[in-house]
1. Among the candidates Glu73, Glu112, which residue alone is in the same structural domain as Lys194 (by TED's automatic domain parsing) and surrounded by fewer than 19 Cβ atoms within 10 Å (Cβ to Cβ)?
2. Of the residues in region 236-255, how many are under 16 Å from Glu184 (Cα atoms), without any contact (Cβ under 8 Å) to a residue 40 or more places away in the chain and not in a helix (DSSP H, G or I)?
3. With the condition being touching a Cys at 6+ places or on another chain (Cβ under 9 Å) and in contact (Cβ under 8 Å) with a residue 24 or more places away in the chain, I'd like the strands (runs of 3 or more DSSP E) fully within region 38-126 carrying at least 3 qualifying residues.
4. With respect to Ala260, is the statement that it is modelled with pLDDT under 90 and either of a type in the set (A, V, I, L, M) or touching a helix residue (DSSP H, G or I) at 6+ places or on another chain (Cβ under 7 Å) (or both) true?
5. Restricting attention to region 176-224, report how many residues are of a type outside the set (D, E, K, R) and assigned to a strand (DSSP E or B).
6. Looking at region 210-263 only, could you name the residues that are of a type in the set (S, T, N, Q) and either closer than 23 Å to Leu165 by Cβ or surrounded by 17 or more Cβ atoms within 10 Å (Cβ to Cβ) (or both)?
7. Restricting attention to region 207-218, does a residue exist that is more than 16 Å from the chain's Cα centre (by Cα) and not acidic (Asp, Glu)?
8. Exactly one of these conditions fails for Met104: (1) more than 26 Å from Glu182 (Cβ to Cβ); (2) exposed (fewer than 15 other Cβ atoms within 10 Å of the Cβ). Give me its number.
Amino acid sequence: MSDQPDRKTVLNLCRIAFSYAPSATPIEWALTNLSLNVGAEEIVCILGASGCGKSTLLNLVAGLIKPDSGTIEVTAHGEGSRRIGYIFQNDALLPWRTVEANLMLVCQVSKEVSRESARSRIAQYLSTFHLKEQILKQYPAQLSGGMRQRVSIIQSLMFNPELLLLDEPFSALDFNTKLSLESEFYQLVKERGKAAILVTHDIEEAIAMADRILIMRKGGAITNEFVIDLPEQNRSPENARGTPRFADYYREIWSELKVAMVESTAS
């Protein structure tokens, strides 16, 4: 493992605790005493058994629910940034609107984004995610799964967030589409100085994309952290899978994840 480079802190969680039931005892809480920092240009992946609190963590960071105790600080460094973008497994595109109309919604939601600025962002992100301009006149139902997910990511990026939250966004895609979208997203985070938290059940995806991988156990306890130190030259999620160290990381992480999953099942 190697020391992490200095990065501007985008997210700081300090001693977060949360319960869905006010009368629950501490052992029944969804999250207990969780602390985490995420920096610019960093992708942090969270692995853990179903029900251990991964999605709850994202919802807390997004502000959809409030912690019972602890603090959540999100710092935007870029001018005109909306601090958080949330990307789900299933897109939130409105089926009765064209792709262009879905993306231009940003102008109705945010007074800070002009139509001219929105169209400029659309053009940039179509290029980033290898989409043709003709797609703008189509409706979501006319798109493939990969294209819909690309548009869904662009929809979040239209608000210029510095922190991106991803809840298994690539899990329903075929492998080739998944690899392409992983690489496009990875390059966007690195080149534009974004920060990202990716929740996934896919160990290979986590190793390929992450700077750090966290193992979460039931109750939201982060028990292991793996710093992913792969060659930076031509680094991409696809190339990462072919490195000798990739297999070593897989064995180490799977060993710890199995323990976490067994504990979650037994409790």
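1. Numbers: Glu112 fails: in the same structural domain as Lys194 (by TED's automatic domain parsing).
Only one candidate passes the filter, namely Glu73.
2. Going through region 236-255, the residues under 16 Å from Glu184 (Cα atoms) turn out to be 236-241.
Pick out the ones that are also without any contact (Cβ under 8 Å) to a residue 40 or more places away in the chain and you get 239-241.
When the remaining residues are screened for being not in a helix (DSSP H, G or I), the result is 241.
Going through region 236-255 one residue at a time, the tally reaches 1.
3. Details: elements: 43-48, 69-74, 84-87.
Strands (runs of 3 or more DSSP E) meeting the threshold: 69-74.
4. Values: modelled with pLDDT under 90: yes; either of a type in the set (A, V, I, L, M) or touching a helix residue (DSSP H, G or I) at 6+ places or on another chain (Cβ under 7 Å) (or both): yes.
The answer is yes for Ala260.
5. Count: 13.
6. Going through region 210-263, the residues of a type in the set (S, T, N, Q) turn out to be 223-224, 233-234, 236, 239, 243, 255.
Thr223, Asn224, Ser236, listed by residue number.
7. Initially, region 207-218 is screened for residues more than 16 Å from the chain's Cα centre (by Cα), giving 217-218.
Right, trim to not acidic (Asp, Glu) and you get 217-218.
Yes.
8. Every condition holds for Met104 apart from (2).
The values are calculated or read from the model by the stated rules, or taken from the named source; none is laboratory data. Computed from a predicted structure; not experimentally measured. Counting neighbours? That spans all protein chains shown, and the Cβs are built from the backbone with ideal geometry, glycine included.
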